[in-house]
Each structure stands twice: as structure tokens, then as C-alpha cells.
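Have a look at the structure below before the remarks.
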Amino acid sequence: MSDGPGSMAIAGWLLMLPVAFAAAVVSAVVIRLTRPQLLKHALAKPNARSSHHVPTPQGAGIAVIAATLVIAGMALAYFTEASSNFPAALFGATLFMAALGFADDIKPVPVLPRLLLQTIAVGAIVLASPYDLRIAPFVPFWIERGLLVLAGLWFVNLVNFMDGLDWMTVAEVVPVTAAVALLGLYGELPLTAAIVAAALCGAMIGFAPFNRPVATIFLGDVGSLPVGLLLGWCLLQLAWHQHLVAALLLPLYYLADATVTLLRRMVRREPFWVAHRSHFYQRAIDNGFTVLQVVGEVFALNLVLAALALTSIAARSLAADAACLALGAAAVALVMFRFSRSRN
């Protein structure tokens, strides 16, 4: 008797849930073990960008990335189908990005060298990807890959920019990675990507109790940069498997907030590379929202975006894609509008 879609989905859940659970446990345990040392050597002091008012240890990303790579690596090594396409470039680039972030947490790295090193990490992943994976076949191959490197570089940095509030990155990464893992269960993208997404989802859940407002520890650049890299890679897998609209919908709030903020600062001729509090989620705090209200709305919005992404894939029509993208854009615009206005 052959396995049907239902039995395959059940088998997938039996894989993804232990992966996420194991990553959550490892992440939480490593955070608890490393926090005393981070408290001594890696304190984040309040600055113009900060939403905290007292020095707080940063570096929980060490645990999140370690848990993600170790648990995902073990799962990929165990399952032959996935391990035949083991993403060695992704794992290597993630470790490289984490090392760069850790160095920046200890002593700030100048902007240009930092961007150059980030470009090397993103470029290694893009250039190591199979030649036949294309988003727009009508575009010359090297132009498309070059644009993907630029997009990946922006995505890594915007995830870092948006990691400026307790639970904000949790509210973004958990729904997105859960949706990617779910899509992997039903064969819409490779099992490799689904396992990585499940491990990252679990690792962020393990981090969440320590980052609950008021946070006792932050991710730090050692976490936000490689998390952005891993998340971007998962979304790229969606786009490469003809789900471009879903790949845009899932991170749409982060994309919109960071990109609109950057453009506004450039138009105003502000030094956009300097730490600031101009993001919409930061303006919401200044406008009277509580931290829990902001991250709660972002989390709810991301659930809506995930539902729209899943709908666009299930419908498999250009009309559905356009409708889902329009609804997602409207939902994001509404939340950003609310954040930009005083609650009074």
C-alpha cells in the first residue's frame, strides 16, 4: 500500500516537531549557561536606537545559531534524502556571519569592511546554488545572481535593523519559519529548507522567554545577522520553487518598515547608516504603544501574512497571487499607519 499525502504529512510532522523541540531546548540551555559570561563581557549600553534603559547582556544569538545548526545538521545527516543536498555553503556562511556579528558586538566594525564581509557570506550562498534554480529565466543568469546578492545583503541588514525591541525578532521569525516548515511538509520546497526552518523556529522559541519584555538578554549582532541570512535563504528557496509571492508576503512587514524608513531618511538627507529610532515600530513606542502592544500587532500581522502566503500557493493562480499580495500590502500599510500616529 503506497503512502498518500496524508501519511506523508504525518511523517513530516513527526520529523519537524522533534527538530523544533530539540532546538528550543538546546537554545534555552545554552543561553542559561552563557548569560553569566555575556553579562561580564558583552553588555549592550543604551544608545539612540535602543528601547532599553539599562545595560543588558547581548549574545543570545550564540545559542540560537548553535542550536539551529547543530539540530538541523543532525536531522539532515540522518535523513538520506535531505543529506544528499546538505547546504554546506549555508552552514559555513552562517558561522562566518555569526563570527562577524560577535566581533561587532564586542567592538564595532567599520561600515565598509562590515558590508564587504557580509557580501562575501551572502555571495557564497548564492553562487554555490545550483545553476538551474531561477526566479526570472528571461533575465541573464549573472544579472539575476548579482541582484540576489544585493537583495540578500539588504535582507540580512534589515533583520538586524528591526531587532530593536524585545520580542520583535521572535514575533517575525517564528511565524515565517513555521510557515516555511509547513510548506516543506507538503512538498512545496525542499526538505532541507523545511528542516532548517523548523530548527530556527525552535531555537527562537527557546530564546523567547529570556527576551520577554523586559528582556534579560538580547540576540546581539551575533544572532540577528545570521538569523537574517538563514531566513533569507529559506525565503529564497520558496522563490526558486516558483512561489515568489509567498516569499514576498511572509517577511512583508519587515521589508516595508525597513525599506520605507531607509528611503525617508535618504530623502531627508539624514545619515541613514547611523543608529536611529525612525522605524515604525520604534515610533509606535514613542507614540504611546507598549512593547507588548507593538510586538502583539506585528505577530498577529505576520500570522495574517502567513495565511495569505499559504493561500497564494494553494490557489495556484495569478489572480489569487495578486489578490493576496494586495491584501497583505494593505494589512502592512494599516499597521504602519497605526504605529505612526499617537494613541491619544
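Give segment 272-300 a look and list any residue that's surrounded by fewer than 16 Cβ atoms within 10 Å (Cβ to Cβ) and part of a helix (DSSP H, G or I), or say none.
ASP286, LEU292, GLN293, GLY296, ALA300
Only residues that are among the hydroxyl-bearing types (Ser, Thr, Tyr), open to solvent by less than 60 Å² (accessible area, probe 1.4 Å) and in contact (Cβ under 8 Å) with a residue 12 or more places away in the chain: list them for segment 304-320, please.
Across segment 304-320, the qualifying residue is only SER312.
Restricting segment 202-224 to residues that are hydrophobic (A, V, I, L, M, F, W, C) and touching a Pro at 6+ places or on another chain (Cβ under 9 Å), which is farthest from ARG35 (Cα to Cα)?
Checking each candidate, the answer is PHE218.
Considering ALA179, ALA193, ALA197, which residue is under 16 Å from the mean Cα position of the chain (by Cα) and either without any contact (Cβ under 8 Å) to a residue 40 or more places away in the chain or open to solvent by 50 Å² or more (accessible area, probe 1.4 Å) (or both)?
ALA197
For segment 69-139, which fully contained helices (runs of 4 or more DSSP H) count at least 1 residues that are open to solvent by less than 20 Å² (accessible area, probe 1.4 Å) and under 17 Å from LEU235 (Cα atoms)?
The qualifying helices (runs of 4 or more DSSP H) are 88-106, 111-128.
Pairs needed: first member in segment 38-59, part of a strand (DSSP E or B) and surrounded by 17 or more Cβ atoms within 10 Å (Cβ to Cβ); second member anywhere, polar (S, T, N, Q) and at pLDDT 75 or above; C-beta distance under 8 Å; at least 6 residues apart or different chains.
Here the result reads ALA44/THR56; ALA44/GLN58; THR56/THR216; PRO57/THR216, each pair linking segment 38-59 to a residue that is polar (S, T, N, Q) and at pLDDT 75 or above.
Quick one: which of LEU238, LEU182, LEU231, LEU165 is part of a loop (DSSP other than H, G, I, E, B) and either under 17 Å from PHE299 (Cβ atoms) or of a type outside the set (Phe, Trp, Tyr) (or both)?
Every option except LEU165 fails the conditions.
The values are calculated or read from the model by the stated rules, or taken from the named source; none is laboratory data. Just so it is clear, the model here is predicted, and its values are computed rather than measured. Counting neighbours? That spans all protein chains shown, and the Cβs are built from the backbone with ideal geometry, glycine included. To get the accessible areas, we keep the full protein, side chains included, count just its heavy atoms, and leave off ligands, DNA and RNA. Shrake-Rupley method; radii C 1.70, N 1.55, O 1.52, S 1.80 Å.
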